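This report concerns only the one structure given below.
Taken together, the values in this text are just the output of simple stated rules run on the coordinates, not laboratory data. Just so it is clear, the structure is predicted and the values come from calculations on it, not from any experiment. All Cβ positions, glycine included, derive from the backbone under ideal geometry; neighbour counts span all protein chains shown.
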Amino acid sequence: MKPLKTQEQIDEMRKRLYDRSSAFESAKRHELSDNKVDVSRNWAGSSPITPVERKTENVVSEAVAEQDGEDGVKPKRHYRAFIFVGSLLIFVFVAALSSLYLYFGGNQISNDKIQISMSGPQFIGGGEVMSLQVAVSNQNTVPIESATLILKYPNGTRSVGDSPRNLFEERIPVEDIAPGEVQNIPVSVAVFGEENADKRIEATIEYRVNGSNGMFYKEAESLAFKISSSPLVLRIDNLEKVASGQIVDLTITAVSNASSPLTDILISASYPNGFSFEKSEPAPIYGQNVWQIDKILPEEEIKIKIQGVVTGLTEEKFRINFDAGPADPDNRFLVGANLADGVADFIIERPFIDIEINIDGDKDRQVVVDEGESSVVGLKITNTLEETVYDMVVEVVPGGNALTETSIKSKRGFYNSNNGTVRWEVSNNESFDKVFPGDSRQLDFQIDPGPNRTTASYDLVVNVYARRVAETSAAETLIGTVRAQAKYSSSVAVGSQASLKSGPIPPEVGQTSVYTLSLVAEAGANDMANAIVETSLPLYVEWLDSYEADGDVSYNSVSKKIQWTIGDISSGKRKEFKFDVSILPSISQVDTNPVLLNTQTMRANDRFTSALLQDTATPVTTELSTEMGLPKGNGRVKN
């Protein structure tokens, strides 16, 4: 179809279109094909394609397709494959050259060309100065920069100088190392440790290279050495088999193997739960387990004697560990480096003697006795072994501020005032010659307290000795020990009185009388805590809410109860409470002495014994004291 260009052509086409008699030509069907058609990739600003233009494009496309080939497939461009293969070959060639360059030493820096080594003695005495030589070699063609030698020391290493300190890790600046240069770094440290202890020192070089911000490391083979000898040796002497509750003695002997004097040596003990420290000679410098040796000469021996009590179950084992060495520079009560150690082992065996002690019949180990009262101490000693024991000796060691030289009284025992002991043995008790299995011996004595009353107490240590057949690791002379303590309780006292403030004497029916009531609370020999006085007013007595008191006062208007909360009262001191009340006598009270204040009750805790103490005071009536010059019967109500 020709394109429509003139108006006449358009009118003619319109006429044919609307003509009823005209016949339409059958539409020609076009088949879709797989022929590729190049189209524009830029659609911006393009106008819609008219049917005429679309037909023209189809004609052109068919012509192009005929030129490309009968199948309509565009021929391949093979030059692109040649370019890709060529590029790949060039990449492989360059990579191979680079690898060969690096492999045959063309790199500027290599960690393998940096060598670090340590040299030092393989054996050294504990506490001696160890001299090390650390060599660092750079075989690269470029220098290494900002090098630092890092040394890691074993426990017990200290610096050398006037102010030694513990060393764990040390960083020594080396700075730059030129190509082919070897630097030797000398190091001196003091090494402490137990004899035959294996030690190890590790070294690492840290460095940078020019043009890189990274940090590189090279480690050396560690230096292993052994402590050949210790400048100090600890020997522990103790009884291995003991009875539960027995007092045991330990002796620590420190021996110097050094060629020069050792100073400021600490000995520290670690006690198990079953060991209770009692005393030592010399006394600890800190707590109950740290002793100091100011100076020990070569081959000198210094002894420390410790006494304690071991308690536990039968066949139970205990161990006390001891460490010795110089003090930690940061804590002078802590062993900084071990020069020597030692142990004391105990095995709890069944007690060979059972000791029962009672004070005034009370079998508790801590007893409270009334102030100033004498007490009777009873002992029952029983042989619990399956064998006979011989030549038994019972010794009581009393002590405490409540006792004097004349406090102990014993009929069958001998009290020696020179050493303060009471002793029973075969010479004054024939039954002590042999004590068969299961047999018991009973003893008693009396204790009279001395004049001291403040925080007065006494304690008793009962030691029993006997002989049996010797046994390995056990004492040939058996020892049993038990302890008891008695504390003298104090006392409290409460008192009261009345004085007339206004009104007739004696009181009269229908006339109001005002009285001032005074309460006094007093502590005995010991300090008191939590002291309280409680009382109440009768129905006919009125509280006037006028008072002065040492402490706090509360009044309940319903129950008419009065509570005086005192708190603490020092030994021998007193506190007072004064308050006013009024009474309007009734005819029913004629010829009587009306009660103004009911019974007063005081309670307080003894700070020394923790016992609860109590005291009461009788009711206060209108009868005033005759010491004021008043006649007897001045409180009887008159009509």
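Taking 51 Å as R0, compute the FRET efficiency from the Cβ-Cβ separation of GLU386 and ASN111 and round it to 0.05. If you can, show how the numbers build up before the last one.
Working: r = 76 Å, r/R0 = 1.50.
Here the calculated transfer efficiency is 0.10.
Which helices of the chain meet both criteria: a Cα extent of 18 Å or more along the helical axis and a mean Kyte-Doolittle score no lower than 0.0, with helices taken as whole DSSP H segments?
79-103
Determine the gain in length on full extension of the stretch SER163-SER276; use 0.36 nm per residue of separation and subtract their C-alpha separation, reporting nm with one decimal.
37.0 nm
Take the alpha carbon atoms of region 142-197, find their center, do the same for region 529-574, and report the distance between the two centers in whole angstrom.
Computed from Cα coordinates, the inter-centre distance equals 77 Å.
How large is the direction-averaged shadow of the alpha-carbon convex hull of region 111-229, in nm²?
Mean projected area of the Cα convex hull: 7.4 nm².
For the chain, what does -39500 (n - 2.57) per DSSP helix run (n ≥ 4), summed and divided by total residues, give at 222 nm, in deg cm²/dmol to the nearest 500? Could the numbers behind the result be given before it?
Values: 3 runs with 55 residues, N = 639.
When only DSSP H runs of four or more count, the value is -3000 deg cm²/dmol.
Return the sequence-ordered ³J(HN,Hα) values of region 368-381 in whole Hz as given by the Karplus equation 6.51 cos²θ - 1.76 cosθ + 1.60 applied to θ = phi - 60°, using x for Gly and Pro.
Once θ is set to phi - 60°, the couplings for region 368-381 become 9, 10, 5, 4, x, 8, 6, 9, 10, 9, x, 10, 10, 10 Hz.
Place the peptides 253-262, 327-336 in order of packing, highest mean first, counting for every residue the other Cβ atoms within 10 Å and averaging per peptide.
Top to bottom by mean Cβ count within 10 Å: 253-262, 327-336.
Say R0 is 22 Å: what FRET efficiency, to the nearest 0.05, do GLU299 and LYS226 get from their beta-carbon distance?
After rounding to 0.05, the efficiency reads 0.40.
Quick one: the Cα spread of region 232-349 along its three principal axes, in angstroms, biggest first?
Each principal axis gives a Cα extent; for region 232-349 these are 46, 28, 21 Å.
So what's the net charge close to GLU145: Lys and Arg +1, Asp and Glu -1, counting the other residues with Cβ under 12 Å from its Cβ?
On the way: positive: ARG208; negative: GLU175, ASP176, GLU206.
Around GLU145, the charge tally is -2.
Hey, with R₀ at 60 Å, roughly what FRET efficiency would GLN307 and VAL590 work out to, going by the Cβ-Cβ distance, to 0.05?
0.20
Residues of region 622-639 with backbone nitrogen within less than 14 Å of a virtual label 7 Å along the Cα-to-Cβ line of TYR540, please, listed as ranges.
622-623, 635-639
Give the long-range amide H neighbours of THR609: residues separated by 5 or more places, or on another chain, with amide H under 5 Å away, using H modelled in the peptide plane at 1.01 Å from N.
Excluding prolines and chain starts, which carry no amide H, there are no hits.
Check which residues have an amide H placed less than 5 Å from SER457's amide H, if you skip close sequence neighbours.
Amide H to amide H, under 5 Å and 5 or more residues apart or across chains, SER457 pairs with ASN401, ALA402, TYR488.
Going by amide H atoms built from the backbone, whose H comes under 5 Å of the H on ILE353, apart from near neighbours?
THR384
Give me a comma-separated list of calculated 3J(HN,Hα) values for region 440-456, in order, Karplus coefficients 6.51, -1.76, 1.60 applied at θ = phi - 60°, integers in Hz, x for any Gly or Pro.
10, 10, 10, 9, 7, 7, 10, 10, 9, x, x, x, 5, 10, 6, 6, 7
Provide the per-residue ³J(HN,Hα) series for region 541-548, in order, calculated from phi with Karplus coefficients 6.51, -1.76, 1.60 and θ = phi - 60°, each as a whole number of Hz, with x at glycine and proline positions.
9, 9, 7, 9, 6, 10, 7, 9
Dividing the convex hull volume of the Cα atoms of the chain by its residue count, what figure in Å³ per residue is obtained?
Values: hull volume 388.7 nm³, N = 639.
Cα convex hull per residue, to the nearest whole number: 608 Å³.
Work out, in µm²/s and without decimals, the Stokes-Einstein translational diffusion coefficient of region 414-565 at 4 °C, 1.567 mPa s, Rh from Kirkwood over C-alpha pairs.
In µm²/s, the coefficient is 57.
Which three semi-axes in whole Å describe the equivalent ellipsoid of region 297-453, each the square root of 5 times a Cα gyration tensor eigenvalue, listed largest first?
Gyration-tensor ellipsoid for region 297-453: 39, 25, 17 Å.
With label points built 7 Å along Cα→Cβ from the Cα atoms of PHE123 and LYS241, find their separation and express it in nm.
Here the modelled spin labels are 4.1 nm apart.
Write out the GluC sites (Glu not before Pro) in region 141-227 meeting two conditions: DSSP loop, and at most 11 other Cβ atoms within 10 Å of their Cβ.
Answer by residue number: GLU221.
Among the listed pairs LYS363/LYS487; LYS411/LYS487; LYS241/LYS317, which have their C-alpha atoms separated by more than 18 angstrom in this model?
In this structure, LYS411/LYS487 lie more than 18 Å apart at Cα.
Lys and Arg at +1, Asp and Glu at -1: add these up for the other residues within a Cβ distance under 13 Å of PRO504 and post the number.
Once positives and negatives cancel, what remains is +2.
By per-residue mean of other Cβ atoms within 10 Å, what is the highest-first order of 318-326, 615-623?
In descending order of packing, they fall as 318-326, 615-623.
Using a basic spin-label model with each label point 7 Å from the Cα along Cα→Cβ, how many nm lie between ASP550 and TYR217?
Going by the 7 Å Cα→Cβ label model, 7.3 nm.
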